[in-house]
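What follows is a set of notes on a single structure, which appears directly below.
The values are calculated or read from the model by the stated rules, or taken from the named source; none is laboratory data. From a predicted model like this one, the values you see are computed outputs, not experimental measurements. Quick reminder, even Gly has a Cβ in these numbers, built from the backbone with ideal geometry, and neighbours come from all protein chains shown. Only protein heavy atoms, including side chains, enter the accessible area calculation; ligands, DNA and RNA are left aside. Shrake-Rupley method; radii C 1.70, N 1.55, O 1.52, S 1.80 Å.
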Amino acid sequence: MSDHIDTHDPVAPAPIEAIDALASQSTTPVSRGTAAATGLLSAGVALGMGELLSGISNKFPSLIVRVGDVVIENAPGSVEKWAIDTLGTNDKPALVIGIALVSLLIGAATGIAASRKFPVGIVVFVLFGLLGGLAAASDPQRPGGWAWFSAILAATAGIATLHYLLTAAHRLWNATASFEQLAASRRGFLGAAAGAAAVGVAAPVIGTALRSRQSAQVEGDRENVAAALDSIEQTGAGSTTTLEAESSAMPQLATFDDIDGIATLVSPNDNFYRIDSALSIPRIDVESWSMKITGMVDNEIELTFDDLLAMDPVEEFVTLSCVSNRVGGDLVGNARWLGVPLKKLLDMAGVQPGATQIVGRSVDGWTGGFPTDYLDHPDRVALVAVAMNGEPLPTQHGFPVRLVVAGLYGYVSATKWLKEIELTTWDAFDGYWITRGWAKEGPIKTQSRIDVPNANARLLAGDQPIAGVAWAPDRGVTKVEVLITDIVDGEEVPNENWIEAELTQDVSDNSWRQWMVPWNAPAGDHVIRVRSTDGDGITQTPVRTAVDPDGASGWHTIAVRVA
């Protein structure tokens with residue numbers, strides 16, 4: 001900063017000359033730190049503006065989320081697998097935060113470049129606006145025009161903020177007036193920076209708060225659906241009654257739920273695993289929602305939510321599992337699902353000969369497909385589901401309607417936020433995950449898991465239960481066995497004495513079963529293994545495989561120390 005004192009006031013560039021003045025700046029340059037701060041704050045304002053608009057109206061997409069969606073759609077399958085394996089259900093927040101941080105860092109670099117040649121800043125923000133606009137306009141849930149408006153407004157806000165802050169910064173760094181004028185320039189820059197920071201922080205916060213209002217509207221829709229569900233007649237568990245009565249009159253099943261740490265027989269909705277490609281959960285107006293059955297059918301049909309409720313929905317226990325569930329993992333859950341049998345709807349449409357694949361399409365563009373002949377078995381459960389554990393589907397689990405298919409991993413069957421079912425040929429279409437390297441057929445493998453005790457637990461000698469869950473939808477679990485071996489001098493002592501576990505009541509072949517083995521634990525180090533046998537008489541293989549391309553296999557094994 002110049003030490004020369006001049007009695008004349010610095011002259012601010014006229015508005016028409018502002019860009020030229022910044023572009024041809026030949027006096028003392030702004031420091032890199034100050035320039036970086038102006039760029040970072042400008043990027044923050046641009047990002048905040050996009051988030052604010054997405055909260056004002058559901059017509060505006062979140063630009064950050066849409067860029068994230070595009071990243072997910074185009075990422076190699078190995079990258080998505082790494083994200084799920086490493087971050088689990090935190091993969092989506094991590095991606096959004098990562099995109100925001102990268103954008104801010106690029107903004108800082110842009111500020112440095114623009115402090116010397118302002119048109120560089122204009123070009124970068126225009127490119128960012130173009131990227132955001134293209135990503136947002138590809139959103140299948142919203143009109144493209146609103147997306148472009150949001151992107152243009154965000155880019156314009158970024159450029160305007162950058163110009164304003166750099167102008168104030170150049171005044172400060174080239175001030176040659178009195179100390180009073182120098183102080184005024186400093187206050188002017190700091191005030192502008194504080195204002196930009198306030199907008200950059202407040203705008204996304206307000207946008208998030210406004211989006212919660214949109215979520216509240218969806219919850220209002222769910223309450224209306226709950227009232228409608230309570231009044232319908234539905235069949236399930238061998239009887240016909242209202243959903244409200246059915247939920248309260250479900251048989252009192254004997255369970256091991258009282259064992260501390262075991263997965264409950266029915267997984268609570270708020271604790272049911274969620275793995276999908278949606279960064280932003282679709283918020284669907286149930287009144288305007290409809291689902292089509294298209295493709296190789298005699299009669300294409302379109303059904304509303306009320307149409308489904310009028311079709312005598314049935315309730316079934318079904319265990320769902322993600323193909324990314326590792327041996328002993330928790331990406332699996334068991335729930336009571338209410339819905340219309342898919343076979344019933346397909347019969348209405350009339351499946352044509354040669355149709356060998358059923359494709360589910362989500363409102364967010366996700367797709368999954370499975371063989372048509374999978375439904376040939378008369379007892380196989382496949383539902384167009386409207387409720388979960390006695391209440392309307394939660395938004396994160398597909399409200400208002402989703403597919404639930406027993407015996408198949410979710411990546412080929414569990415279409416959430418369902419909008420279309422298409423009949424096509426096996427070779428004509430590959431679903432979302434198939435194009436990313438996963439196997440096209442996804443039958444769930446027979447699995448079992450030790451929930452109690454925890455791996456590497458320190459236990460007291462004496463009575464200690466060994467317990468967990470086992471699943472093999474749609475074959476059912478007939479037997480679970482536990483093997484306990486001792487560790488002596490660092491070596492595992494061979495033992496082939498498998499102990500058959502006590503099982504809870506078999507709810508259905510599609511539901512997991514809890515199991516338990518009482519154990520009088522002796523002092524020392526021990527290894528515990530579990531294996532299960534399904535209704536086809538097939539016992540789990542001990543061969544350990546990775547989750548890709550068609551699901552993990554192997555015995556869940558833990559080590560414990562007893563004192």
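With the condition kept exactly as written, say whether any residue in region 331-348 is assigned to a loop (DSSP other than H, G, I, E, B) and either touching a helix residue (DSSP H, G or I) at 6+ places or on another chain (Cβ under 9 Å) or open to solvent by less than 40 Å² (accessible area, probe 1.4 Å) (or both). Can you show your working first?
Let us first name the residues in region 331-348 that are assigned to a loop (DSSP other than H, G, I, E, B), namely 331.
So of that shortlist, the ones also either touching a helix residue (DSSP H, G or I) at 6+ places or on another chain (Cβ under 9 Å) or open to solvent by less than 40 Å² (accessible area, probe 1.4 Å) (or both) come out as 331.
Yes.
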Of (1) under 21 Å from residue 260 (Cβ atoms); (2) more than 30 Å from the chain's Cα centre (by Cα), residue 450 fails just (2)
Sole miss for residue 399 among (1) of a type outside the set (S, T, N, Q); (2) closer than 30 Å to residue 555 by Cβ; (3) part of a loop (DSSP other than H, G, I, E, B) is condition (2)
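Looking at region 182-212, which of its residues are in contact (Cβ under 8 Å) with a residue 12 or more places away in the chain and open to solvent by 30 Å² or more (accessible area, probe 1.4 Å)? Give the derivation first.
Restricting attention to region 182-212, the residues satisfying the condition of being in contact (Cβ under 8 Å) with a residue 12 or more places away in the chain are 185-186, 188-189, 192-193, 196-197, 199-204, 206-211.
Result: 186, 188, 197, 199, 201, 202, 204, 206, 208, 209, 210, 211.
With respect to residue 137, determine if the residue is within 26 Å of the chain's Cα centre (by Cα) and modelled with pLDDT of 90 or more.
On the way: within 26 Å of the chain's Cα centre (by Cα): yes; modelled with pLDDT of 90 or more: no.
Against the criterion (within 26 Å of the chain's Cα centre (by Cα) and modelled with pLDDT of 90 or more), residue 137 does not qualify.
Out of the residues in region 466-491 that are open to solvent by 20 Å² or more (accessible area, probe 1.4 Å) and in contact with a Gly (Cβ under 9 Å, 6 or more places away or on another chain), state the one that is farthest from residue 374 (Cα to Cα). Lay out the reasoning, then the answer.
Of region 466-491, the ones open to solvent by 20 Å² or more (accessible area, probe 1.4 Å) are 474-475, 478-479, 481, 484, 486-491.
Restricting the remaining residues to those that are in contact with a Gly (Cβ under 9 Å, 6 or more places away or on another chain) gives 474-475, 478, 486-488.
Numbers: 474: 11, 475: 13, 478: 23, 486: 44, 487: 46, 488: 49 Å.
Checked region 466-491; the qualifying residue farthest from residue 374 (Cα to Cα) is 488.
Does region 265-286 include one or more residues that are small (Gly, Ala, Ser), in a loop (DSSP other than H, G, I, E, B) and over 22 Å from the mean Cα position of the chain (by Cα)?
no
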The residue that is surrounded by the most Cβ atoms within 10 Å (Cβ to Cβ), considering only those in region 286-311 that are in contact with a helix residue (DSSP H, G or I) (Cβ under 9 Å, 6 or more places away or on another chain) and among the acidic types (Asp, Glu), is 300
Within region 508-525, of all residues that are modelled with pLDDT of 95 or more and over 19 Å from residue 259 (Cβ atoms), the one surrounded by the most Cβ atoms within 10 Å (Cβ to Cβ) is 510
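Here is a yes/no grid of residues against (1) closer than 28 Å to residue 504 by Cβ; (2) touching a residue at least 40 places away in the same chain (Cβ under 8 Å); (3) in contact with an Asp or Glu (Cβ under 8 Å, 6 or more places away or on another chain); (4) open to solvent by 30 Å² or more (accessible area, probe 1.4 Å):
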residue: 372; (1), (2), (3), (4): no, yes, no, no
residue: 375; (1), (2), (3), (4): no, no, no, no
residue: 391; (1), (2), (3), (4): yes, yes, no, yes
residue: 397; (1), (2), (3), (4): yes, yes, no, no
residue: 412; (1), (2), (3), (4): no, yes, yes, no
residue: 421; (1), (2), (3), (4): no, yes, no, no
residue: 444; (1), (2), (3), (4): yes, yes, no, no
Would you confirm whether or not region 234-252 contains a residue that is at pLDDT below 95, out of contact with any Asp or Glu (no Cβ under 8 Å at 6 or more places or on another chain) and on the phi > 0 side of the Ramachandran plot?
yes
| said: residue 220 - would you say it is open to solvent by 40 Å² or more (accessible area, probe 1.4 Å) and at pLDDT 80 or above? | reply: no
Qualifying residue in region 492-507 (condition: over 28 Å from residue 258 (Cβ atoms), surrounded by 13 or more Cβ atoms within 10 Å (Cβ to Cβ) and of a type outside the set (Phe, Trp, Tyr)):
yes
